[in-house]
Amino acid sequence: MVETLGQQSLFSILVSLMVLVIVWWCIQSFRFDVFVKDPDGIKVKTLMILTTLALTHLVTSFILNYLNWATSLRYLF
C-alpha cells in the first residue's frame, strides 16, 4: 500500500515536471510585448512564470485525473 502511494507520488512529480517543461517551451513563443509596455521588465517575467505555473497545474491535474478515472473503470463491472 505504501509502495503504491510512493510510486503514484513519483509518477505525479515526473508528469508535473514534464508538463512544466512543455508549457514553458510553448510560452516562450507567445508575444507578451503586444500586451505590456515594458516587455523586458521584471513584471512581465513574473507574469510568464505565473502563467506557466497555472497552465502546468491545469494540464497536470487533467492528465492525472483522467488517468485515475481510467484506471478506476475496471471496478465498474
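When residue 30 is tested against (1) modelled with pLDDT under 95; (2) part of a helix (DSSP H, G or I); (3) surrounded by 11 or more Cβ atoms within 10 Å (Cβ to Cβ), exactly one condition is not met: (2). If you check 20, 14 for being assigned to a helix (DSSP H, G or I) and without any contact (Cβ under 8 Å) to a residue 24 or more places away in the chain, only one passes: 14. Find all pairs meeting these conditions: Cβ atoms under 6 angstrom apart; at least six residues apart or on different chains; first residue within segment 42-69 and surrounded by 15 or more Cβ atoms within 10 Å (Cβ to Cβ); second residue β-branched (Val, Ile, Thr) and not in a helix (DSSP H, G or I). Close Cβ pairs (under 6 Å, with a partner that is β-branched (Val, Ile, Thr) and not in a helix (DSSP H, G or I)) amount to 44/36.
Residue-by-condition table, conditions (1) part of a helix (DSSP H, G or I); (2) within 21 Å of the chain's Cα centre (by Cα); (3) at pLDDT below 95:
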| position | (1), (2), (3) |
| --- | --- |
| 5 | yes, yes, yes |
| 8 | yes, yes, yes |
| 36 | no, no, yes |
| 40 | no, no, yes |
| 47 | yes, yes, yes |
| 59 | yes, yes, no |
| 65 | yes, yes, no |
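Taken over segment 67-77, the criterion of being of a type in the set (Phe, Trp, Tyr) and in a helix (DSSP H, G or I) is satisfied by 69, 75.
The values are calculated or read from the model by the stated rules, or taken from the named source; none is laboratory data. What you are looking at is a predicted structure, and each value in this text was computed from that prediction instead of being measured. Glycine also receives a Cβ, built like all others from the backbone with ideal geometry; neighbour counts cover every protein chain displayed.
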